[in-house]
Amino acid sequence: MSGISARTVLWTIALLGILSIVPFIYMSGDGGNDPIAPADYVIKDDALNGSRAETADAESDGVPALDWEQLRTLNLETGQAPANLSQYDGKQVKIGGFMVPLEDEQYAVTEFLLVPYPQACIHVPAPPPNQIVHVTMAPGNKAEVAYYAPIWVYGRLKIETKQNIYTESSYTMSGLKTAPYTDAYTGF
């Protein structure tokens, strides 16, 4: 007997990775407008990467902060946003969430998806489009890779559908900068 093959080990690791995020997912009965992770899911401050020099928080910098509860009010069937959301179309805002890099060079990211919970879009169905922001950093700007730590993304928000090979999003953002999320993250 030759023992366990490398292929078996890799499949086992992949399966364990998938199963480790299953508790964060539940089935939605309203066409995808419910959050995918439980409402009481919180990442505490000690999970944050404190090594970054720049920090921000929701009240101190004067930039309007949008949360995922607001973003998910966009109607998926009609593409219409309520007034309390459409007022931010084309405006500078910040949104807290988790990065799923799409284009990067070593540790500098130029394009990514911002999602409400860690590991969204990785080995599981993507969140509904109204829970995904497709961020392209403005020319000359790059973001530091942040796989598992919540971040703020600052930039100009557009309420528009963007399709790519990975998923569809209801929002795009021309990103200016990112910063660590300094409070307990409650993203939903």
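The values are calculated or read from the model by the stated rules, or taken from the named source; none is laboratory data. Predicted model, so just to flag it, every value in this text is computed and none were measured. Here the Cβ positions follow ideal geometry from the backbone for every residue, glycine too, while neighbour counts run over all protein chains shown.
Considering 140, 90, which residue is in contact (Cβ under 8 Å) with a residue 60 or more places away in the chain and either not in a loop (DSSP other than H, G, I, E, B) or not hydroxyl-bearing (Ser, Thr, Tyr) (or both)? Walk me through it before giving the result.
Details: 140 fails: in contact (Cβ under 8 Å) with a residue 60 or more places away in the chain.
The conditions single out 90.
Would you confirm whether any residue within region 85-96 is farther than 14 Å from residue 146 by Cβ and at pLDDT below 90?
Keep residues of region 85-96 that are farther than 14 Å from residue 146 by Cβ, which gives 85-94.
Filter once more, keeping what is at pLDDT below 90: none.
There is no residue in region 85-96 that is farther than 14 Å from residue 146 by Cβ and at pLDDT below 90.
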Subject >> Within region 111-140, tally of residues that are surrounded by fewer than 16 Cβ atoms within 10 Å (Cβ to Cβ) and within 22 Å of residue 72 (Cβ to Cβ) >> reply: 3
Subject >> Counted residues, region 146-173 - those being within 11 Å of the chain's Cα centre (by Cα), surrounded by 20 or more Cβ atoms within 10 Å (Cβ to Cβ) and not small (Gly, Ala, Ser) >> reply: 4
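May I ask you to say which residue of 184, 143, 108 is buried (at least 16 other Cβ atoms within 10 Å of the Cβ) and farther than 21 Å from residue 77 by Cβ? Explain how you work it out, then say what you get.
Details: 184 fails: buried (at least 16 other Cβ atoms within 10 Å of the Cβ); 108 fails: buried (at least 16 other Cβ atoms within 10 Å of the Cβ).
It is 143.
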Original post:
Just one of 158, 162 is over 16 Å from residue 100 (Cβ atoms), touching a strand residue (DSSP E or B) at 6+ places or on another chain (Cβ under 8 Å), basic (Lys, Arg) and in contact (Cβ under 8 Å) with a residue 24 or more places away in the chain; which is it?
Top reply: 158
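Give region 97-121 a look and list any residue that's of a type in the set (Phe, Trp, Tyr), modelled with pLDDT under 90 and under 14 Å from the mean Cα position of the chain (by Cα), or say none.
117
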Original post:
Hey, any hits in region 154-163 for a residue that's farther than 24 Å from residue 79 by Cα and part of a strand (DSSP E or B)?
Top reply: no
Original post:
Counting only residues that are of a type in the set (A, V, I, L, M, F, W, C) and assigned to a loop (DSSP other than H, G, I, E, B), which one in region 49-84 is modelled with the lowest pLDDT?
Top reply: 53
